[in-house]
């Protein structure tokens, strides 16, 4: 990171000062140990200070990036909240869950913390791995199966020097399952058994991606991972200085890596204002290789709306969801920010018409902007079997009946409340809130 040269100088100076060059007597060794302890404390204090300075610089750095809408107060406020969430995610992934010998799957996106295009239906769990190791991943059903479930390897999880590019994606349901609906997958470089997922030299992370499109009928898998190419040993409770420095570097560094990469995604989305278009390559953003992605944005005044028409197709899953400027999903539990193929109401002419607007127009398929004048749109079409069709138009809200089909489904205020309650409780139960 930017201050590493200073950190290196401090380490070298401490080594020279603390250990010297001449053999030491017993008294000198005792003195050196006392000085060494004091020097380590000072060194760690300097490390903490540098980390604090790097965190403090993130806000001005982010706001100075090209194409950031600094004139929009909501974009700025959300940007600082975004940095806080990214720092939390970095610490969670790279300080608290960095052990590749004793890996754990952790949930990255939920109803409280979202980033990198999160959405209500998506459950994403990751674990850090050693590409030279062998790992056993076991998934056990907890009810109805998710609409889709994929495993993918990544070049790290957004840490400096590695980023988070997708290496390989496989459909969990293509593997051989047990009679109880569970799957056991071996990740390794060499072929091992029928359910084998090959590891590449650059694969340092595993991601399990599930789409639960109906919380009443679909449940995420119970998921475990263990390293099996070496015996399990008892680790030291505390980190070494080198290990702690590396974890802190990766945790804080993840903030800039994600923010930089997903500002690029924001730029792509905002190249289609009040519209949505196909994204050519999502692998650089950690996307599933089984998805076709659509990117777009809205920029709407209070009296405007965006109407998106989707021709329903045969697919395991598809959805369109709303994000803020920083590619964070709108509140999963409380804002109707997503329409999927399980809940979408199809008009009699066999089209799904989705209204994106600030206020509820009363039509069944509504994506709320959450009050954001500017936002992003992300479409996912997973395991499709025919070509999708997506069109759009921006209108004045007074003209909406001219654009919607005459018999497009509407909901009463009471029905809308029931929709909101169902979504909220489904998300809260999912995360045991």
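The values are calculated or read from the model by the stated rules, or taken from the named source; none is laboratory data. Note that this is a predicted model, so its numbers are computed, not measured. Cβ sites come from the backbone with ideal geometry, for glycine too, and all protein chains shown count toward neighbours.
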Selection count where residues are within 30 Å of residue 285 (Cα to Cα) and either assigned to a helix (DSSP H, G or I) or at pLDDT below 95 (or both), scope region 393-433 = 10
message = Go through (1) over 23 Å from the mean Cα position of the chain (by Cα); (2) surrounded by fewer than 19 Cβ atoms within 10 Å (Cβ to Cβ) for residue 214 and report which single condition fails.
response = (1)
remark   = Residues in region 315-327 that are buried (at least 24 other Cβ atoms within 10 Å of the Cβ), on the phi < 0 side of the Ramachandran plot and either without any contact (Cβ under 8 Å) to a residue 40 or more places away in the chain or not in a strand (DSSP E or B) (or both) total 2
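Yes/no matrix, rows are residues, columns are (1) buried (at least 20 other Cβ atoms within 10 Å of the Cβ); (2) outside any strand (DSSP E or B); (3) without any contact (Cβ under 8 Å) to a residue 24 or more places away in the chain:
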position	(1), (2), (3)
113	no, yes, no
116	yes, yes, no
123	yes, no, no
126	yes, no, no
132	no, yes, no
136	no, no, no
142	no, yes, no
169	no, no, no
184	no, no, no
remark   = Of (1) assigned by TED's automatic domain parsing to the domain that holds residue 142; (2) under 16 Å from the mean Cα position of the chain (by Cα); (3) over 14 Å from residue 164 (Cα atoms), residue 220 fails just (2)
task = Would you confirm whether any residue within region 186-196 is in a loop (DSSP other than H, G, I, E, B) and in the same structural domain as residue 55 (by TED's automatic domain parsing)?
result = no
Options 112, 162, 168; residue that is more than 30 Å from residue 52 (Cβ to Cβ) and outside the structural domain of residue 243 (by TED's automatic domain parsing) = 168
ask   = Any residue in region 60-75 that is at pLDDT 65 or above, in a helix (DSSP H, G or I) and farther than 22 Å from residue 297 by Cβ?
value = yes
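Kindly indicate whether residue 253 is part of a loop (DSSP other than H, G, I, E, B) and over 19 Å from residue 104 (Cα atoms).
On the way: part of a loop (DSSP other than H, G, I, E, B): no; over 19 Å from residue 104 (Cα atoms): yes.
No.
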query = Taking region 94-106 on its own, how many of its residues are within 22 Å of residue 221 (Cα to Cα) and surrounded by fewer than 15 Cβ atoms within 10 Å (Cβ to Cβ)?
reply = 1
inquiry  = Could you check region 274-314 and list, in sequence order, the residues that are loosely packed, with under 15 Cβ neighbours inside 10 Å, in contact with a helix residue (DSSP H, G or I) (Cβ under 8 Å, 6 or more places away or on another chain) and under 22 Å from residue 383 (Cβ atoms)?
reply    = 284, 289
request  = Consider residue 163 carefully, then state whether it is in contact with a helix residue (DSSP H, G or I) (Cβ under 9 Å, 6 or more places away or on another chain) and either surrounded by fewer than 21 Cβ atoms within 10 Å (Cβ to Cβ) or at pLDDT 95 or above (or both).
outcome  = yes
task = Determine which single condition residue 195 fails, assuming it passes every other condition in (1) surrounded by 15 or more Cβ atoms within 10 Å (Cβ to Cβ); (2) within 21 Å of the chain's Cα centre (by Cα); (3) closer than 30 Å to residue 176 by Cβ; (4) modelled with pLDDT of 95 or more.
result = (2)
Every residue from region 256-279 that is assigned to a helix (DSSP H, G or I), in contact with a strand residue (DSSP E or B) (Cβ under 7 Å, 6 or more places away or on another chain) and more than 13 Å from residue 164 (Cβ to Cβ) = 266, 268, 269
task = Restrict the check to region 230-245 and report whether at least one residue is in contact with a strand residue (DSSP E or B) (Cβ under 7 Å, 6 or more places away or on another chain) and either part of a strand (DSSP E or B) or not assigned by TED's automatic domain parsing to the domain that holds residue 137 (or both).
result = no
remark   = Residues of region 392-408 being surrounded by 13 or more Cβ atoms within 10 Å (Cβ to Cβ) and touching a strand residue (DSSP E or B) at 6+ places or on another chain (Cβ under 7 Å), in sequence order, are 392, 393, 394, 395, 397, 400, 403, 404, 405, 408
